[in-house]
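Here, each number is a calculation from the coordinates, and none is a lab measurement. Just so it is clear, the structure is predicted and the values come from calculations on it, not from any experiment. In this analysis, Cβ positions are derived from the backbone assuming ideal geometry, glycine residues included, and neighbour counts consider all displayed protein chains.
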Amino acid sequence: MRDIVSQGLVKNHKKTIAVEELETWIPKISYEQFAALILSFEDEGVLEMVKSKGRNSRTPSLAYTYRIHKQLLKKEFHEELKTYRLRLHPSIHLDPYFGLDPGQWKKDLPYLLLIHHYLESSGFPNYEVPAPERSVELVSDEKWITEKQGKELLERIGLWTAMKIIPVSDPLMFAINPTVLAEKAQKHLIVENKTTFQALVEVLSEVEFSTVIYGSGNKIIKSIEQFHRQLMLPHAEHTFYYFGDIDHSGIFIWHRLKEKVNVQLAMPFYQACIEKPSLKGKTNQRIDQLAVEEFLRFFTKQEKEQLQSILDRGHYYPQEVLKTSELQHIWRHASWN
């Protein structure tokens, strides 16, 4: 009960609070229990009676309105963090919790204790395993890492990399050009749609690219994490190019993808698209203005104005505006340096 009230007071955006509101937070206790709890906060100085509002006539008597001193609550919370900093394994970094809501700490603490016991008994893992397997080892719940914010917790305490976890995602789908795999500099083309992938696979052996990768829309944002496991070229330097639909969805995918890998826009394909008539449609897509702004930076002023106008009108360019022969010609003859 004390935790419920403490967390509620920290989250409260007002400087004062009515006792009736406090009662709604823990409705299933007697008045005597509730009053004892609130009076304990009074004694600690966390809650201070607003004198002009007075006190009720019940026994024990409570103020009608309280002033909240959150800094005292946070002081107690920070002291608890300092205590656990000494108790838990030294590799578990608790600094982020000093800036978070105490409720997050209470939620995470049982898992932090389990991770502590794992490290104390087993030490750090020596090899990578899939997320569900490591999840069972750590907290006896195979879904904790992937579905219950376990990854976020491990990142928060600085242990995600050390736990050697293979992300769970669909396999990456690509075709390989074996004639260039010995090169140090490796180029890879990611295309959003299946039709474009099939058209370009036919001429893969005629270009300087090592792979053509089928992005399958948004799936590429996760599946790209499997790239180095599926194409093991440890000494190569990889550059990725992306070609997707020119619409809000395609732009968003590229923008998210570049957070994962060094990916450039496959400009020869995009520039060929915008020479074609745009198509009407795609009016219900999510708009990420930052993604659009970064996307447009790679185009000339005139091209930017054209593309912005097209997007504003709900028009778009699917990859399919380029015929198979055009796609193949561009890939063979464009400059990719």
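Long hydrophobic helices in the chain: the complete DSSP H runs spanning 27 Å or more by Cα along their own axis with mean Kyte-Doolittle hydropathy of at least -0.5 are 102-122. Beta bridges from DSSP with both residues in the chain: antiparallel share about 45 percent, rounded to the nearest 5.
Using DSSP to define loop residues, name the chymotrypsin sites (Phe, Trp or Tyr not before Pro) in region 143-216 whose beta-carbon has at most 16 other beta-carbon atoms within 10 Å. Provide the component values of the computation, followed by the final result.
Numbers: sites: W144, W160, F174, F197, F209, Y214; in loops: W160, F209.
Counting only loop positions with at most 16 other Cβ atoms within 10 Å, the chymotrypsin sites (Phe, Trp or Tyr not before Pro) in region 143-216 are W160.
How much net charge surrounds Y84 when only the other residues with a Cβ under 15 Å from the Cβ of Y84 are counted, with Lys and Arg +1 and Asp and Glu -1? Before the final figure, lay out each step's value.
Details: positive: K82, R85, R87, K106, K107, R156; negative: E76, E79, E80, D95, D108, E120.
That works out to 0.
Relative to the Cα centre, the charge distribution of region 73-166, modelled as +1 at Lys and Arg Cβ and -1 at Asp and Glu Cβ, gives a dipole magnitude of about 240 debye. Once C-alpha pairs closer than 8 Å and six or more residues apart are averaged by separation and normalised to the residue number of region 173-333, the relative contact order reads 27 percent. Amide H to amide H distances under 5 Å link T65 with V19, V50, where only residues 5 or more positions off or on other chains count and H is placed in the peptide plane.
Restrict the search to region 1-59; then list the trypsin sites (Lys or Arg not before Pro) that DSSP places in a loop and that have at most 16 other Cβ atoms within 10 Å of their Cβ. If you can, show how the numbers build up before the last one.
Details: sites: R2, K11, K14, K15, K28, K51, K53, R55, R58; in loops: K14, K15, K28, R58.
Listed in order of number, the matching sites are K14, K15, K28, R58.
Across the options L112, A182, V168, the greatest Cα extent toward the positive end of the charge dipole of region 56-194 (unit charges at beta carbon of Lys, Arg, Asp, Glu) belongs to L112.
This model, with +1 at the C-beta of Lys and Arg and -1 at the C-beta of Asp and Glu, gives the chain a dipole about its Cα centre of some 820 debye. Pick out which of R156, R256, R286 has the largest mean-square fluctuation in a Gaussian network model of the chain, springs linking Cα atoms closer than 10 Å. Ranking R156, R256, R286 by mean-square fluctuation puts R286 first.
Give me the percent of DSSP beta bridges within region 191-337 that run antiparallel, rounded to the nearest 5. Show your work: numbers first, answer last.
Working: 3 of 8 bridges.
DSSP beta bridges in region 191-337 are roughly 40 percent antiparallel.
Centroid-to-centroid, using Cα positions, region 100-179 and region 33-63 are 45 Å apart. Checking (1) 0.99; (2) 1.43; (3) 0.89 against Cα Rg over 2.2 N^0.38 Å calculated from these atoms, the matching label is (2).
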